[in-house]
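Input: a single structure, listed below in structure tokens.
The values are calculated or read from the model by the stated rules, or taken from the named source; none is laboratory data. Being a predicted model, the structure only gives us computed values, none of them experimental. Every residue, glycine as well, gets a Cβ built from its backbone with ideal geometry; the counts of neighbours run over all protein chains shown. We work out accessible area using only protein heavy atoms, side chains counted, and drop any ligands, DNA or RNA first. Shrake-Rupley method; radii C 1.70, N 1.55, O 1.52, S 1.80 Å.
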Amino acid sequence: MFKFLKEVVAGSGSGLKDFPYSIGEPYASAWGSWTHHRGTSKDDGSPVSIFSLSGSNPQDRHLVAGRNGVKRLRTVRHPNILSFLHSTEAEVPDGPAMKHTIYIVTEPVMPLSEKLKELNLGGTQRDEYFAWGLHQISKAVSFLNNDCKLVHGNVCLASVVVTQTLDWKLHAFDVLSEFDANNEASGSPMLQFEWLVGTQYKPLELTKSDWASIRKSPPWAIDSWGLGCLIFELFSGAKLARTEYLRNTASIPKSLLPDYQRLLNSTPSRRLNPSKLIDNSEFFQNKLVETIQFMEVLNLKDSVEKDSFFRKLPNIAEQLPREIVLKKLLPVLASSLEFGSAAAPALTVLLKMGSWLPADQFSIKVLPTIVKLFASNDRAIRACLLQHIDQFGESLSAQTVDEQVFPHVATGFSDTTVSIRELTLKSMLVLAPKLSQRTISGSLLKYLSKLQVDEDPGIRTNTTILLGNIANYMNDGTRKRVLINAFTVRALRDTFPPARAAGIMALSVTSSYYEMTEIATRVLPNIVVLTFDPDSDVRTKAFQATDQFLQIAKQHHEKLTTGDTMVAESTGVQLKPGNAGLLGWAMSSITQKGKPSDHGSISTTNASNSQVSATSAATPGTQASTVGHAPSTSSSFDQAAPASARSSVNGWGELEDGNIQEENGSDKEGWDDVDPFDDKPSPSLLSNIQAAQKRPVVQPKQAVANSAKSHQLKVQKTEDDPLWGPIVAAPPKSASKSADIKPSTSNNDEDDLWGAIAAPAPKSSGKPLKTAAANSDDLWGAIAAPPPSTKARPLASSGRGRGTKPAQPKLGAQRIGRTSSTGM
């Protein structure tokens, strides 16, 4: 028998030489003769608890009882029983002699008595935590007594330990034995090691060693008495010294007192079953117990119950002990979200609880769960993450954002729901500083190029604002290709007034990135046009921006005049108060203009300064439908970000380029479809143009070309949007061949998403163009329909025109006084 027990104990290791754990400092208290040590794993450094028991020889009765405890702990598994990891028995030198020592390695725990001193709870919070702990120990005792027919024999304060999540667990199984009820007449001891139990913890029948009476009693009789001793020690705050002290009930809560008295009934058969204590006691009905119990069976609840629970949880968490919330509720909540049993409202609770943690603990306990949630397909969880990204975005590392977070967030740019696209766009203000240059130029800007022509005006506006805010995170080459094209060609020509205002503010804030030549030829001409915009806010910002860029030009002139050879090509000046709101989102501009008439097109409100064409009649309806999307924008538009956000992160050149997920599709889907001098045609007209361009173009004769040219000029005048017709100068005619123009649109570099919409440089010399389609003034020549045939006789006899055939000779008399080319 001894050989078998020794093999069981030593089965997990052959001695301290191969012991895979490091033994640390001991705790001040432990059950019986055991010593409770802190410890760590040699493999990964994870914390553990190590219990040791020493004896002078292998036959020491304490060692024999300890081997029984090791065997029982290895075989009995329950959530409320201490988890076994490893055990070994070895000879350890103790001076000149050798001692036999048993080691048990378990999950990291600490004695309950020391944990209670550390928590230092009082009042209602103490009672609620005691109720939860007693609930767990009662479940463990009930499992042993009712399900396993085992008797623990020594339930008390010393036999309970606490985990890192503040759960109570039962251990000290040295006395544990089977309940032998079949041999009631036997007088042999049923508990072989009952001598280890202190006299103050023994019920009367065990003190008398009345084994016949014990065998006739229910299996829980001895352990129910032990539960009563545990309750007394908990609420009295002192270790039980004598059995008589159990009659002092002054410290016992009134809601628990009837059950306490039934547990300590002098008649074993009348003692309260631990399972009944769990189900019927009023003491266990409190917020903490109910909250933890609900979260433990969360996957069995329906969506209505979950939503109701998580909406109440923030208020409940405020009333519970802070350490219990952070060490018990927070891990359970994080696990529920990670495995999908919790709904989106739970994420808000998780972030609120996480805000109570120190920064280092937040990164360990909360961030891993959040990063995994970005891969969730639940749209509600994705929206909640984006809404609260400012609460945890700063804690994310650059590598995590670039490799794990952004690829999942980027799917929201093309989401069919406007709110998801909007939240995704706003999240970039937090994530962009942590993205690599490769991700910004190769992926992010592609998405922003599409959002700048989004159907929702608020998204278009916020895209312009975002580009202005993240300009300092782009490299010089990307800024040069992107900023002016995005702000002047797209934003300043938008039909939505706040979008035009955002374009002006973005140009003002990014003024330090432009060369003087660009300011004079591309920025100022586009801003000055808006000084007579129908919207007063746009006009105000246009005048302010004009003054700002003229000041830059004046400074440049003064440097040239004074002979300064080191002229700064980009000179920024401090923003005026009117442009200080760039970092805020679009709602601050939208709410200032509540009248629908203020959101109309320039052509419909300033007819005296524009030439209204036949197509302008459809403009008000289109504008009204566009503005109708404005309420879909988030109410957080008016929250202005701090002014330091533009310069809070430095050293972007040091970031390593991470792997990105390139968008499937051509780069021409970005800004390549925008003509810098003409407004974008309607979708139906554009599709007709594209279809016509696929058909071969027949080279017409010179006369037909002239007719087509005059016809196309008339069509262009009719179809052009009157918004820009009277105020935009005609593009310079190019004297180069069409082959010289084609590479600018068809051979764009992959990174040059914005270059395609820049104005082409005028050519001073070159061969004349041969076709009307290549002429910059004749935009429609390539797709023009052939001139209609006419029956007018002068044309019929002139011998000119497409497809003219010689007239056939006619029979009979003919008029001869007429000039004819028919050959007669």
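Label zone of Thr417 (point 7 Å out along Cα→Cβ, amide N under 18 Å): in region 323-361 this covers 340-349. On region 445-488, 46 percent of the accessible area sits on carbon and sulfur atoms, based on a 1.4 Å probe. Solvent-accessible surface of region 123-224, taken per residue with a 1.4 Å probe and all protein chains present: 34 Å². Here the label points at Asp302 and Arg438, each 7 Å from Cα along the C-beta direction, are separated by 5.1 nm in the simple model. Rounded to the nearest 20, the size of the Cβ-charge dipole of region 313-393 about its Cα centre is 100 debye, with Lys and Arg at +1 and Asp and Glu at -1. For the pairs Lys42/Lys169; Lys169/Lys276; Lys169/Lys327; Lys239/Lys276; Lys287/Lys372, note any where the Cα-Cα span goes beyond 22 Å. Table pairs above 22 Å Cα-Cα are Lys42/Lys169; Lys239/Lys276; Lys287/Lys372. Spin-label pair Arg270-Gln293: with each label point 7 Å from Cα along the Cα-Cβ axis, the two points sit 2.8 nm from one another. In the assembled protein chains, Arg379 presents an accessible area of approximately 110 Å² (probe radius 1.4 Å).
Look at the Cα gyration tensor of region 421-565: its axes a ≥ b ≥ c give a/c of at least 1.5 with a/b at or below b/c, and that counts as oblate. Converting the Cα gyration tensor eigenvalues of region 425-486 into ellipsoid dimensions via √(5λ) gives semi-axes, longest first, of 18, 13, 10 Å. Taking only the Cα atoms of region 34-117, the radius of gyration and Dmax are 13.9, 43 Å. Only Lys, Arg, Asp and Glu carry charge here, each on its Cβ (+1 for the first two, -1 for the last two); on that basis region 224-283 has a dipole of about 180 debye about its Cα centre.
Taken per residue, the accessible surface of region 443-544 reaches 24 Å², heavy atoms only and a 1.4 Å probe. May I ask for the Kirkwood hydrodynamic radius of region 132-207, worked out over all distinct Cα pairs and given in angstroms to one decimal? Roughly 13.6 Å, rounded to one decimal. When the Debye formula is applied to the Cα atoms of region 129-287, each taken as the same point scatterer, what base-10 log of I(q)/I(0) results at q = 0.20, 0.21 Å⁻¹? Values returned for q = 0.20, 0.21 Å⁻¹ are -1.37, -1.52. Only protein atoms count toward the accessible area here, which uses a 1.4 Å probe; on region 209-335, the carbon and sulfur part of that area reaches 46 percent. Taking label positions 7 Å along the Cα-Cβ direction at both Thr40 and Ser512, the computed distance is 4.6 nm, reported to one decimal. Computed from the alpha carbon positions, the gyration tensor of region 310-416 leads to an equivalent ellipsoid with semi-axes of 24, 16, 11 Å, biggest first.
For a label point 7 Å from the Cα of Arg311 along Cα→C-beta, name the residues of region 318-347 whose backbone N is under 13 Å from it. What the label zone holds, given the 13 Å backbone N cut-off, is 345-346. Only protein heavy atoms count here; on that basis, with a 1.4 Å probe, His557 has an accessible area of about 110 Å².
Within the assembled protein chains, the solvent-accessible surface assigned to Thr348 is about 60 Å², based on a 1.4 Å probe.
Of the chymotrypsin sites (Phe, Trp or Tyr not before Pro) in region 338-441, which ones lie in a loop per DSSP and count no more than 14 other C-beta atoms within 10 Å? Of the chymotrypsin sites (Phe, Trp or Tyr not before Pro), the ones in loops of region 338-441 whose Cβ has at most 14 other Cβ atoms within 10 Å are Phe339, Trp356. Its Cα centre serving as origin, region 274-362 has a Cβ charge dipole (Lys and Arg +1, Asp and Glu -1) of approximately 140 debye.
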